[in-house]
Ligand SMILES: Nc1ncnc2c1ncn2[C@@H]1O[C@H](COP(=O)(O)OP(=O)(O)OP(=O)(O)O)[C@@H](O)[C@H]1O
Ligand SMILES: [Mg+2]
């Protein structure tokens with residue numbers, strides 16, 4: 001050890017870990033990013049407030065029991081009647097037919113893209129499918145009305161000019177890319193080693209897809225299903241154009257029917273005086289819709305968590 | 001001289017890093033007493049990825065109920081080669097296989113051969129344990145279920161687990177997730193999963209490379225047991241392991257083409273394990289097994 005080393009060891013230079021100065025730039029960026037996140041949270045809260053206030057006024061005039069137990073929806077007629085059941089049934093039936101199309105077709109498309117298609121095909125197919133998701137819903141609405149309904153009539157199904165079947169099926173077609181895209185992401189994330197392991201046991205491609213990939217990606221698939229169902233419940237334009245405007249309780253998809261969203265859309269663009277009972281009806285229905293979709297999302301989060309525990 | 005019972009015993013055999021000569025002598029005695037029935041006959045096999053050959057002109061025979069080891073430096077195409085035997089390369093879109101592999105005299109790459117049928121008979125264990133995200137039981141039962149063997153599933157699962165020397169460790173928690181097992185147990189589970197479909201051949205690509213010495217020993221012991229009923233092909237980086245378990249050893253190396261900047265795997269030498277380790281015919285093999293290379 002030299003003398004120099006010894007002095008250096010005796011008097012070590014104090015270590016400074018304090019920042020030279022505050023990094024203002026970082027604080028600004030952080031603030032802007034937080035603001036971005038806040039916009040959506042604030043909007044949600046704003047929507048809830050905007051819905052709740054007129055809804056409370058509505059329920060002062062109409063009993064909540066009548067609202068949910070009534071089976072006649074005629075808020076714009078005299079005598080007015082505020083039983084929401086016809087709208088709930090309309091929404092349910094449209095959502096059902098949309099699911100009939102989008103859940104199996106979306107999953108099938110996802111399996112095809114993730115497990116069967118060669119990379120080149122997939123690279124064309126996935127963007128093409130996602131373009132379908134970018135088509136405005138009003139276009140789908142007229143497609144349902146002017147193409148799909150006549151097709152169903154030609155098939156001899158005896159459907160009305162406005163009918164729930166065409167609207168529901170086209171909502172389903174619109175949602176295929178939603179299911180396919182989210183499910184495909186989940187399936188592509190399944191490690192190749194799992195597939196190799198299954199193939200090495202003499203599994204066919206279908207067996208690998210259905211017994212390994214789909215179970216391993218189930219939380220993503222469920223998430224895609226929940227997203228699609230929420231979107232089907234909330235879909236407005238297609239049902240407004242193609243499903244008709246008469247609210248009635250019917251499970252026959254060949255007839256016309258009104259959904260919650262179609263009622264809001266149709267009534268909202270009509271000229272009803274602000275503050276009138278008709279006006280408040282819109283908010284009461286809107287709040288009901290909000291609660292239903294909110295419950296769906298909670299359920300979806302729980303389901304996704306539950307399956308994730310099993311498979312990870 | 002321990003190796004004196006071999007015909008071609010050299011005057012001064014190359015010293016191999018850490019390989020016990022007694023083990024080699026035992027290998028040699030075993031090999032001398034076993035009949036050689038050709039199971040796979042590989043000729044002029046070339047595998048390319050996107051038209052770039054990764055492995056070129058490989059010809060060799062693999063014998064029934066033998067353990068055959070593939071050794072060689074990283075990137076020389078050992079994995080590529082072993083994947084040819086059960087057509088796993090079919091799953092890689094850019095891979096292309098030329099040449100022939102006869103299995104019981106049938107060309108595995110012949111037009112009427114179905115890769116699914118091939119894989120039912122020729123199972124594979126991978127480098128990284130890859131249990132399915134299912135229970136221990138369901139992992140082992142997966143293959144039989146896929147093949148539609150629903151009868152006596154419990155007995156079949158038990159037999160496979162016993163065979164893979166895992167039964168005693170898991171018999172009380174068959175319904176537990178396979179991920180709750182240790183790495184070594186997971187690998188033995190993967191072996192059990194293969195055995196449950198009763199294949200003829202077990203291909204193992206570095207089955208013990210991710211494992212601790214005790215688990216490695218367990219798997220090596222297992223190979224000794226299994227070769228009575230199965231033909232085993234194993235890729236290994238560990239030369240002691242090759243010396244311990246393999247009857248035949250193939251040494252692969254890389255040929256570098258400076259002009260085209262290509263590295264292609266080639267088979268350098270294929271012989272009985274003791275010969276490869278004590279009396280190799282090729283300078284490159286000798287350099288590799290004595291640790292002067294790679
Ligand atoms: N899927 C693939 N696509 C393209 N090239 C590949 C692919 N798999 C392997 N290769 C190439 O083929 C060559 C041989 O690879 P391989 O995995 O067979 O080597 P290996 O001998 O098993 O090496 P290691 O000992 O490191 O496992 C390498 O150059 C590698 O880059
Ligand atoms: Mg390898």
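The values are calculated or read from the model by the stated rules, or taken from the named source; none is laboratory data. These numbers come from a predicted model, not from an experiment. As a convention, Cβ positions derive from the backbone with ideal geometry for all residues, glycine included, and neighbour counts pool all protein chains shown.
Residues to consider are B:146, B:125, B:118, B:157; find the one that is within 29 Å of residue A:118 (Cα to Cα) and out of contact with any strand residue (DSSP E or B) (no Cβ under 9 Å at 6 or more places or on another chain).
None of the other options fit; the residue is B:146.
Working carefully through the options A:208, A:179, A:190, find the one that is in contact (Cβ under 8 Å) with a residue 24 or more places away in the chain and closer than 30 Å to residue A:256 by Cα. Walk me through how you get there before you give the answer.
On the way: A:208 fails: closer than 30 Å to residue A:256 by Cα; A:190 fails: closer than 30 Å to residue A:256 by Cα.
Of the residues listed, the single one that is in contact (Cβ under 8 Å) with a residue 24 or more places away in the chain and closer than 30 Å to residue A:256 by Cα is A:179.
Inspect segment A:241-260 for any residue being on the phi > 0 side of the Ramachandran plot and modelled with pLDDT under 90 and give the result as yes or no.
Checked against the condition, which is being on the phi > 0 side of the Ramachandran plot and modelled with pLDDT under 90, segment A:241-260 yields at least one hit.
Working only within segment B:31-64, note down all residues that are surrounded by fewer than 18 Cβ atoms within 10 Å (Cβ to Cβ) and within 16 Å of ligand 2 (Cβ to nearest atom).
B:49
Across segment B:234-245, what is the number of residues that are within 16 Å of ligand 1 (Cβ to nearest atom) and either closer than 23 Å to residue B:122 by Cβ or within 14 Å of another protein chain (Cβ to nearest Cβ) (or both)?
6
Give, as residue ranges, the helices (runs of 4 or more DSSP H) completely inside segment A:227-312 that count at least 2 residues that are touching a residue at least 40 places away in the same chain (Cβ under 8 Å) and within 14 Å of chain B (Cβ to nearest Cβ).
A:277-311
Scan segment B:110-119 and give yes if some residue there is assigned to a strand (DSSP E or B), within 14 Å of chain A (Cβ to nearest Cβ) and over 16 Å from residue B:201 (Cβ atoms), otherwise no.
No, there is no match, as no residue in segment B:110-119 is assigned to a strand (DSSP E or B), within 14 Å of chain A (Cβ to nearest Cβ) and over 16 Å from residue B:201 (Cβ atoms).
Go through (1) touching a helix residue (DSSP H, G or I) at 6+ places or on another chain (Cβ under 9 Å); (2) without any contact (Cβ under 8 Å) to a residue 40 or more places away in the chain for residue B:246 and report which single condition fails.
(2)
Go over the candidates A:171, A:182, A:213, A:190 one by one and state the one that is in a helix (DSSP H, G or I), within 13 Å of chain B (Cβ to nearest Cβ) and closer than 26 Å to residue A:302 by Cβ.
Result: A:213 is the single residue among A:171, A:182, A:213, A:190 that is in a helix (DSSP H, G or I), within 13 Å of chain B (Cβ to nearest Cβ) and closer than 26 Å to residue A:302 by Cβ.
With respect to residue A:151, determine if the residue is part of a helix (DSSP H, G or I) and within 14 Å of chain B (Cβ to nearest Cβ).
No; evaluated as a whole, the condition is false for this residue.
Just checking: which of the helices (runs of 4 or more DSSP H) contained wholly in segment B:120-174 hold 2 or more residues that are surrounded by 23 or more Cβ atoms within 10 Å (Cβ to Cβ)?
B:136-146, B:153-163
Please tell me if residue B:99 is away from ligand 1 (no atom under 14 Å from the Cβ), more than 13 Å from chain A (Cβ to nearest Cβ) and surrounded by fewer than 20 Cβ atoms within 10 Å (Cβ to Cβ).
Details: away from ligand 1 (no atom under 14 Å from the Cβ): yes; more than 13 Å from chain A (Cβ to nearest Cβ): yes; surrounded by fewer than 20 Cβ atoms within 10 Å (Cβ to Cβ): yes.
So residue B:99 fits the description; yes.
Would you check which residues across segment B:66-89 are away from ligand 1 (no atom under 11 Å from the Cβ) and either within 11 Å of residue B:233 (Cβ to Cβ) or modelled with pLDDT under 90 (or both) and list them?
Answer for segment B:66-89, where residues must be away from ligand 1 (no atom under 11 Å from the Cβ) and either within 11 Å of residue B:233 (Cβ to Cβ) or modelled with pLDDT under 90 (or both): B:66, B:67, B:68, B:69, B:85, B:86.
Within segment B:138-149, is even one residue modelled with pLDDT under 95, away from chain A (no Cβ under 13 Å) and more than 20 Å from the chain's Cα centre (by Cα)?
no
Identify all residues within segment B:261-275 that are over 12 Å from residue B:250 (Cα atoms) and surrounded by 22 or more Cβ atoms within 10 Å (Cβ to Cβ); write none if there are none. I'd like the intermediate steps shown before the answer.
Let us first name the residues in segment B:261-275 that are over 12 Å from residue B:250 (Cα atoms), namely B:261-265.
Within segment B:261-275, just B:265 meets the criteria.
Which numbered condition trips up residue B:200, out of (1) free of Cβ contacts under 8 Å to residues at least 24 places away in the same chain; (2) within 14 Å of another protein chain (Cβ to nearest Cβ)?
(1)
In this structure, is residue B:205 within 15 Å of the chain's Cα centre (by Cα), within 16 Å of ligand 2 (Cβ to nearest atom) and more than 22 Å from residue B:275 (Cβ to Cβ)? Outline the logic, then answer.
Numbers: within 15 Å of the chain's Cα centre (by Cα): yes; within 16 Å of ligand 2 (Cβ to nearest atom): yes; more than 22 Å from residue B:275 (Cβ to Cβ): yes.
Judged against the criteria, residue B:205 is a match.
Do you know which residues across segment A:113-129 are free of Cβ contacts under 8 Å to residues at least 24 places away in the same chain and within 11 Å of chain B (Cβ to nearest Cβ)?
Matches in segment A:113-129: A:117, A:118, A:119, A:120, A:121, A:122.
Check A:219, A:203, A:224 and return the single one that is away from every other protein chain (no Cβ under 14 Å) and either under 30 Å from residue A:260 (Cα atoms) or part of a loop (DSSP other than H, G, I, E, B) (or both).
Numbers: A:219 fails: away from every other protein chain (no Cβ under 14 Å); A:203 fails: away from every other protein chain (no Cβ under 14 Å).
None of the others qualify; the one that does is A:224.
Considering only residues that are more than 9 Å from ligand 2 (Cβ to nearest atom) and either without any contact (Cβ under 8 Å) to a residue 40 or more places away in the chain or within 14 Å of chain A (Cβ to nearest Cβ) (or both), which ones fall in segment B:65-82?
None; the set is empty.
For segment B:205-233, which residues satisfy the criterion of being more than 16 Å from residue B:183 (Cα to Cα) and within 16 Å of ligand 1 (Cβ to nearest atom)?
Once the filter is applied, which keeps residues that are more than 16 Å from residue B:183 (Cα to Cα) and within 16 Å of ligand 1 (Cβ to nearest atom), segment B:205-233 yields only B:233.
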